[in-house]
Amino acid sequence: MGVFLCFSGAMSALAGITFTWRGTALDKVWALNPEAYRQMAPMGRSVGLLFLLLSAAMAVAATGWFRRRIWGYWLAVIIILTQVVGDLVNLIRGDYLRGGTGFVIAGALLLYLLRRNMRAAFAGSEAPRAG
């Protein structure tokens, strides 16, 4: 999960950079998904800044995950839950292949994260509170 969060953070940063600073050699990466670029390009730099914010959130989540902090666990759960909801919306809107596939994969990952033994791996990681 931590590696997934790092990879997602790197990809979000790449997207953020390409939308925030256009005209670089990195723009060629959008040849892999020209439809997504076409849909987001009109939003300009603002979408780039949102991707950079997402990248920072992924980095924070990965840090918490690797350090076995309960907040890192819950942040990862929230991120995956957000993906499940987004895929469900795509499925409802008629994008059956992408929405359905994403929903199944993200849903399975969410169920894995919510298992008792997964939560238990993070339960004892917080320092005792003073007082």
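Below is a table of values for the structure above.
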item	result
Scan of the range 30-43 for residues that are surrounded by 11 or more Cβ atoms within 10 Å (Cβ to Cβ) and either out of contact with any helix residue (DSSP H, G or I) (no Cβ under 7 Å at 6 or more places or on another chain) or within 22 Å of ILE79 (Cβ to Cβ) (or both), ordered by number	ASN33, ALA36, GLN39, MET40, ALA41, MET43
Any pair with Cβ under 7 angstrom, 6 or more apart, that starts in the range 12-38 at a residue that is free of Cβ contacts under 8 Å to residues at least 40 places away in the same chain and ends at one that is basic (Lys, Arg)	PHE19/ARG45; THR20/ARG45
Some residue of the range 43-57 being within 21 Å of MET118 (Cβ to Cβ) and either modelled with pLDDT of 90 or more or in a loop (DSSP other than H, G, I, E, B) (or both)	yes
Residue in the range 8-25 that is under 16 Å from the mean Cα position of the chain (by Cα) and β-branched (Val, Ile, Thr) present	no
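The values are calculated or read from the model by the stated rules, or taken from the named source; none is laboratory data. Here the structure is a predicted model, which is why all the values come from computation and not from measurement. Quick reminder, even Gly has a Cβ in these numbers, built from the backbone with ideal geometry, and neighbours come from all protein chains shown.
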